[in-house]
Structure formats: structure tokens, C-alpha cells
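Note sheet for the following structure.
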Amino acid sequence: MNISETEMGKGPVLMLNLVKFNNRQHYFEQYIPAFNEVVSRLGIQDVKVFLLSKVIANIVAPEGESWDEIVMVEYPDASAFKTIAESEEYRDIAEQHRLTALADLKLLMTRRYEL
């Protein structure tokens, strides 16, 4: 995971998930509860879905690229995301559900500008 040390503790990050489903129902009924269990076991606070939205058209994208939904999840900081993603708990409890539910995934870490 390529996150610079200077970015780790600079406050909240939003993870932009572009998802293409194998099984949407499995994602919401199995993966999300498993992910929430991992977050709880690790004692990480303030992880929340910021946006869930259906993709209705590709306007500017490579030919053949398509996504079903975008999910933006807010984390208290980059290190909280890294702790979850690299944990044994995630691998043991949630990862297999993500792999079953998703056909494809792009994941981008972002930070909001203060306007």
C-alpha cells in the first residue's frame, strides 16, 4: 500500500470505491456486515459510508470500462484504513466476501479540500 508517512495522520480520508458486482446481494448482506465486524474488533471509530450511488452512464471512461456503483467511505485518517486493510481480521472475516461479491474494484484514497 503506497501511502506516504506525511499523509498518514493528516485527518479524515474518503475512499472512493468503484465497484462492479458479481453478486450485489452478497456485497450488502455478507461483506458489509463482515467489514463492520472487523472495524469493531479493531476498535476503530468513525468509519462511515459517505455516499452510495448507482452509476447510470459512463461519460469519460476507457471503452469497455463500466461500474455498477460508487461507494465513498470516510475513515478518521489514512492509518485507520491501512490498519483495517492489512489486518488478519480483514483477511479472515471479510476479504472472501469481497472477492465473492465483486467482479472488479478500483479504490482511490482522497482527502477533501477545505473551502
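Observations
- Selection within the stretch 31-46 - in contact with a helix residue (DSSP H, G or I) (Cβ under 7 Å, 6 or more places away or on another chain) and not hydrophobic (A, V, I, L, M, F, W, C): Tyr31, Glu37, Arg41
- Condition met for Lys20 (within 14 Å of the chain's Cα centre (by Cα) and surrounded by fewer than 17 Cβ atoms within 10 Å (Cβ to Cβ)): yes
- Test: residue in the stretch 44-65 that is among the β-branched types (Val, Ile, Thr), modelled with pLDDT of 95 or more, closer than 27 Å to Gly11 by Cβ and surrounded by 17 or more Cβ atoms within 10 Å (Cβ to Cβ): yes
- Annotation: of all residues in the stretch 84-115 being in contact with a Phe, Trp or Tyr (Cβ under 9 Å, 6 or more places away or on another chain) and among the hydroxyl-bearing types (Ser, Thr, Tyr), the one that is nearest to Leu14 (Cα to Cα) is Tyr90.
- Residues of the stretch 7-40 satisfying the condition of being closer than 25 Å to Asp77 by Cβ, without any contact (Cβ under 8 Å) to a residue 24 or more places away in the chain and of a type outside the set (Val, Ile, Thr): Pro33, Asn36, Ser40
- Applying a threshold of 7 Å to beta carbon distances and a minimum spacing of six or more residues, or different chains, the list of pairs starting in the stretch 82-105 at a residue that is among the aromatic types (Phe, Trp, Tyr) and ending at one that is part of a helix (DSSP H, G or I) reads Tyr90/Val38; Tyr90/Ile84.
- Among residues of the stretch 73-115, those that are at pLDDT below 95, exposed (fewer than 13 other Cβ atoms within 10 Å of the Cβ) and among the charged types (D, E, K, R), counted: 2
- Restricting the stretch 6-32 to residues that are modelled with pLDDT of 95 or more and of a type in the set (Ser, Thr, Tyr), the residue that is farthest from Ile44 (Cα to Cα): Tyr27
- Total residues in the stretch 56-115, condition more than 18 Å from Val38 (Cα to Cα) and part of a helix (DSSP H, G or I): 0
The values are calculated or read from the model by the stated rules, or taken from the named source; none is laboratory data. Keep in mind that this is a model prediction, so the values were computed, not measured. So basically every Cβ, Gly included, is an ideal-geometry build from the backbone, and we count neighbours across all protein chains shown.
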